[in-house]
Amino acid sequence: MLTENQKRFADSLEDELIQIRRHLHQNPEIGMKLPNTVAFVKEKLTEYGYEPHPCGESGITVIAGKKTGKTFLLRGDMDALPIRELTDLPFKSENGYMHACGHDMHTTMLLGAAKLLKNFEDELEGQVKLLFQPGEEILSGSKDCIDNHVLENPKVDAGMMIHVFPFKGYKAGQIMPTPVGTFMASADWFEINIKGRGGHGSQPETSIDPINVAVHIYTALQELSAREIGSEERFVLTIGEFTGGTPGASNIIPETTVMKGTLRTLKEDVRTQVKERMTVMAENIAKAFRAEAEVIFTNGCTTNVNDPQLTAFTKESLTETFGAERIVAIPTSTPLMGSEDFGEISQLIPTTTVLLVASEENINLHNPAIIFDESVLVEGTKVYADTAMSWLKKD
């Protein structure tokens, strides 16, 4: 658990953390290319006494701790969403992007933890690797960092992530250690490209209508959950984009139609089965209508799995540091169907995920009007630091 001196030091960072968060919130960047965010984070880490190292396209790592031994990973994501902000905050984003998932909060809290860990570096019983990660929203950043050896040099033994969450009926600053085992679903983004033969709307018999084919494929895909996968399995298949035809040209049968969507599953065998069946169904339905269909899975990540021992230890340590009244159970007994590309790391080392209540409003993540409570920035800093320091001390 954190000492009283360490807690006071974290509390003293509040004004600085609020300013950092507002800068990040006002200047969001998306995807894997985050040049301004990376430059800002590197500047802060250098100011705190670190030597930042690049990790892949836009990731940043630093090491805290002078003693060799075990290494614990703390991860914070940095990327925003392609959403136009609808809040009235004086520091709202104006560039068409928004930190509507709270990654500005995560980056800020991890910077706070970096400053705390550096200040108490002599007390670390091992090393802490801090990862500032791009591309979580497009399910690419974690894989890129793994490919660029984030879990090596030094070898990482365990890790954790924080995610801020809105929970109506809970108080900002309450901490939710999450259940053991599979906690968040895998994700696959896909597109289905249908090629027909364009023509005049008055003569459909001389054309091959790709919109008609797409509608039949769309309907057939809904039967996967009803007729092919057991009712005890949970998965979600959503078509969120359906594009065909030319605006203002309703008398033209288009040449192509595209559907895009997402697949979420909790088991790898179900994930594999559904993806295989999606491909077979789309190709053969298209063939039945004399068209062609191609199913492409673009981005994806595995399930996010909480290690039993690390998760139990984290809850125990956080309870000692914050008090039992601050630790609350997540209000669902089933895994979340949302995804988190930290799952890629959770498949390679023991990890755990902690949720932090950061909004008491009934507004979901990714909503353009969501507002996060900045009072939790210090609390997240403490959660990061406490988990790492306590685990190293235990081991």
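Structure summary
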item	result
Extension reserve of the residue 11-residue 219 stretch, reckoned as 0.36 nm per residue once the Cα distance is removed	69.4 nm
Average projection area in nm² (convex hull over Cα atoms of segment 307-358, one quarter of hull surface)	4.5
Per-residue [θ]222 nm for the chain (sum of -39500 (n - 2.57) over DSSP H runs n ≥ 4, rounded to 500)	-10500 deg cm²/dmol
Solvent-accessible area, 1.4 Å probe, carbon plus sulfur percent, for segment 186-301	50
For segment 272-311, convex hull of alpha carbons as volume per residue, Å³	59
Simple Cβ-charge dipole of segment 204-341, Lys/Arg +1 and Asp/Glu -1, about Cα centre, in debye nearest 20	160
Compactness of the chain as Cα Rg over 2.2 N^0.38 Å, two decimals	1.09
Hydrodynamic radius of segment 47-174 per Kirkwood, over alpha carbon pairs, in Å	16.0
Net +/- balance of residues flanking residue 45 in space, Cβ distance below 14 Å, scoring K and R +1, D and E -1	0
Entries of 70/143; 33/382; 115/382 with Cα pairs more than 20 Å apart	70/143; 33/382
Modelled FRET efficiency - R0 45 Å, residue 231 with residue 122, Cβ distances, 0.05 increments	0.20
Crossing angle, helix 14-26 versus the chain [Cα axis fit, 0-90 degrees, rounded to tens]	20
Solvent exposure ordering (accessible area, 1.4 Å, most first) of 164, 258	258, 164
Per residue, in Å², the accessible surface of the chain once ligands and nucleic acids are set aside, probe 1.4 Å	43
GluC sites (Glu not before Pro) lying in DSSP loop within segment 229-266, provided at most 14 other Cβ fall within 10 Å	232, 233
Heavy atoms of residue 93: accessible area, 1.4 Å probe, square angstrom to 10	10
Quotient of C-alpha Rg and 2.2 N^0.38 Å, computed over segment 259-395	1.43
Convex hull projection area averaged over all views, segment 186-301, Cα basis, nm²	7.1
Segment 4-101: GluC sites (Glu not before Pro) in DSSP loop, at most 15 other beta carbons within 10 Å	94
Most to least accessible of 348, 89 (protein chains only, probe 1.4 Å)	348, 89
Neighbourhood charge, 10 Å Cβ-Cβ cut-off, centred on residue 143 and excluding it, Lys, Arg +1 and Asp, Glu -1	-4
Residue 277 accessible area, 1.4 Å probe, all protein chains in place, Å² to nearest 10	80
Local electrostatic count at residue 367 - Lys and Arg +1, Asp and Glu -1, tallied over other residues with Cβ under 11 Å	-2
DSSP beta bridges in the chain [antiparallel fraction, %, rounded to 5]	65
Nearest-0.05 FRET efficiency for residue 284 and residue 241, computed from C-beta distance (R0 25 Å)	0.65
Rounded to 10°, Cα long-axis angle of helix 103-119 versus longest principal axis of the chain	20
Prolate/oblate/rounded label for segment 1-76 (Cα gyration tensor, a/c 1.5)	oblate
Total charge dipole magnitude, the chain, about the Cα centre, Cβ charges on Lys, Arg, Asp, Glu only, Debye to nearest 20	260
About the Cα centre, charge dipole magnitude for segment 195-279 (Lys/Arg +1, Asp/Glu -1 at Cβ), debye	180
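The values are calculated or read from the model by the stated rules, or taken from the named source; none is laboratory data. What you see is a predicted model; the values in this text were computed from it and never measured. Methodologically, a virtual Cβ is constructed for each residue, glycine included, from the backbone with ideal geometry; neighbour enumeration extends over all protein chains shown. Please note that ligands, DNA and RNA were not included when accessible areas were found on the heavy atoms of the full protein model with its side chains. Shrake-Rupley method; radii C 1.70, N 1.55, O 1.52, S 1.80 Å.
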